[in-house]
Structure formats: structure tokens, C-alpha cells
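Below is one structure, written out as C-alpha cells; the observations come after it.
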Amino acid sequence: MKKICSISLVCLAMMGTAYAVETVTTTATAPVAVTAGMHNSSAVKTDPILGINQPANMTKNGNSLYLEKPVNLDMYTKLRTMAENSYARLTHLAENGDVKAQYALGYLYYKGEGVEQSDMRAFEWITRAAEAGYAKAQYELGVIYYYGFGQIYASEKEAAIWYERAAQNGFAKAQYVAGRLYLKGYGVKKSYPKAFKYFQRAADQSVVKAQYELGYMYQHGYGVKKSYEEAYKWYMRAADKKDGDAAYALGEMYRTGKFVKKSNVDAYNWFLKASQSEDQLASSNANIALTDLQKVLTPAERQQLNLH
């Protein structure tokens, strides 16, 4: 059966009748971490449909189970103890309709923390939280259906339904993914206007790859009137956050003189930034562009770039 392990790490802190649910920083990129269509780092490989990062040992059709581990192992041990103590209280809250408790309980069953591990029980509680309108659970349910989980077979159509529900509820990652789905036409009918709409929402919530995608949509007129000015603006926003794809796009703009004044020096600098990024394809293309650009640089430009 197909499995996925992207459900976020849940920290349970019991204080009387209250609890908190947080995300712990981990050493590895989550299978559904936000990335761009070109992105493909050495530590992960990109899903061919969504452009979403996943661990190197995880494939859509594979059976590998990837479990994240927190950087702070002492915290992880503490969480296990807390999970064992909090199971009864979480169950009470979850059964009484608390969506965060339902989501947290789903994680405990998924991970086998303080309770016997059960993929199906995990799925049931995540589903209950999602059906009750909890955006984070809706997003995770989209992940589950997209890749498959336990005895749940992968379904792009069902995944798209839950991704979009989470997106409509304001979940930034889901907005980016929904944009990718509509851009590619997987699980939904291809629609550039809808893709643009979701990229816009995600970009406004500072999802860097959505900012890059928005620039791309403006540059090519996909779902919106073509505008190099808007494309440049969004590429700059993403590039300022070290996005390799956006840096490469800016390099091309300066190399060709589209919208901006043609400048081999500026093009070289942006290609250099792209080549140093973790976006493997952008880095590879940028290195080729740098090699080609060096052949046409004038002595003055080479001096300005400190090239000898």
C-alpha cells in the first residue's frame, strides 16, 4: 500500500484543560514543503505534477515511509511522554468536536505516540477535523489523497478537493498547491485564471514560490494581462528571499533588456545568485548562462565584475 508521512509534527503542551499545537523545526524538508516548478534540490526530488519537494526516498508510487525527526531530541523525548499523558484528555476533547484535538489525535495515531500506531485511526481523525473545517487538516488530507496513505489509494481528484478547501480557508501552502493544480490541470480542469488567483493569495501571505509563480504568470500573460512591470516586481520579491528561479528570471530580463535596461553586469550578478541557490535546475541553467555571458563581456564590464 502507498504511504505518506507529511503530517506536521505536533507539540502537545497540556495546561489544565488547555493545550497548544505547534510545529517543531526539523532536520529534513517535509514532503510537501513549498517549492517552485523548477525547484529540485539535491536533498529532495520534485514531484513532477505539483513541483512539491519530497524526500529522496519517497515517491508517489512507492511504499517508503519517511518520518521527520526534530533537531532537539530531548524535546522529542519530552513530547513522547507528554503524548502518553495527554491521550485521554485529547480523546475527550476530540470526541466533543475540538478540531485541533482531532488533528493532534490523528498525529498520535499516525506516529504511535502514547497509543498503538494505526494509519486508519490517524486517517479517521484527520478526516473528522478536515470535515469540520480545520484548514490544516484539510491540507494534510489533500496530501494523503495525493500520495496515498495506508489503505487509502491516491486520488488526484480527491486531493484537489481538499487542497482547495484548505486554500479557500486561507491556508497559504494549500493556496500555492491549488495554484499548481490549476496551472497543470491535475485533479481539476486546467484554469490559468484560477491558478493566478491562488498564487496571488499565497504570494500575499509571503509564500516565496508563489511570488515567483505570480511573476511568471504576469510575464507570460497566463490568467492575467501580461505585465513585465508586475512580473519584475514579484520576481524581485522572491529573489530578495533567495529564490533561485526568480533570480534566474531577473537575469534573463537584464540579459535581454525586457522591461529593464539591458545590462550584462546586472544579468551576470543575478545569474550568479541563481547559480548559488538550492534550486538545482535554476542553478544549472544559470551556470550555463554565466559561461555564455562571459564570452561577450567587454573589458569594462569584466572589470566592474572583478573578473580577470
What's the number of the only condition in (1) assigned to a loop (DSSP other than H, G, I, E, B); (2) in contact with a Lys or Arg (Cβ under 9 Å, 6 or more places away or on another chain) that Lys241 fails to meet? (2)
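So which helices (runs of 4 or more DSSP H) stay within the range 147-222 end to end and still have 3 or more residues that are under 27 Å from Tyr107 (Cα atoms), touching a residue at least 40 places away in the same chain (Cβ under 8 Å) and polar (S, T, N, Q)?
Working: elements: 156-168, 172-184, 192-204, 208-220.
By residue number, no helices (runs of 4 or more DSSP H) qualify.
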Starting from the range 273-290, take each residue that is in a loop (DSSP other than H, G, I, E, B) and list its partners that are modelled with pLDDT of 95 or more and acidic (Asp, Glu), counting only C-beta distances under 9 angstrom and pairs at least six apart or across chains. Ser277/Asp243; Ser277/Asp245; Asp279/Asp243; Asp279/Asp245
Would you point out the residue of the range 291-303, among those that are part of a helix (DSSP H, G or I) and surrounded by 15 or more Cβ atoms within 10 Å (Cβ to Cβ), that is nearest to the chain's Cα centre (by Cα)? Leu293
Just checking, how many residues over the range 147-165 are aromatic (Phe, Trp, Tyr) and modelled with pLDDT of 95 or more? 2
For the range 188-207, enumerate the residues that are farther than 20 Å from Glu229 by Cβ and among the hydrophobic types (A, V, I, L, M, F, W, C). Val188, Ala195, Ala202, Val207
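Restricting to the range 223-238, name every residue that is part of a helix (DSSP H, G or I) and either within 17 Å of Tyr192 (Cα to Cα) or modelled with pLDDT under 95 (or both). Spell out how you get there, then give the answer.
Taking the range 223-238 and keeping what is part of a helix (DSSP H, G or I), we get 228-238.
Those that are part of a helix (DSSP H, G or I) and either within 17 Å of Tyr192 (Cα to Cα) or modelled with pLDDT under 95 (or both): Glu230, Ala231.
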Can you tell me which residue is surrounded by the most Cβ atoms within 10 Å (Cβ to Cβ) among those in the range 77-115 that are modelled with pLDDT under 90 and acidic (Asp, Glu)? Glu113
Which residue pairs have Cβ atoms under 9 Å apart, sit 6 or more places apart or on different chains, and have a first residue in the range 254-270 that is free of Cβ contacts under 8 Å to residues at least 12 places away in the same chain and a second that is in a helix (DSSP H, G or I) and exposed (fewer than 15 other Cβ atoms within 10 Å of the Cβ)? Lys262/Thr256
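Conditions (1) in the same structural domain as Ser275 (by TED's automatic domain parsing); (2) crowded, with 17+ Cβ neighbours inside 10 Å; (3) among the hydrophobic types (A, V, I, L, M, F, W, C), marked per residue:
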| position | (1), (2), (3) |
| --- | --- |
| Ala159 | no, yes, yes |
| Gln168 | no, no, no |
| Ala178 | no, yes, yes |
| Lys194 | no, yes, no |
| Asp204 | no, no, no |
| Ala210 | no, yes, yes |
| Trp234 | no, yes, yes |
| Ala249 | yes, yes, yes |
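The values are calculated or read from the model by the stated rules, or taken from the named source; none is laboratory data. Just so we're clear, the structure is a prediction, and the values are computed from it rather than from any experiment. Here Cβ is always computed from backbone atoms with ideal geometry, including for glycine, and neighbour counts include all displayed protein chains.
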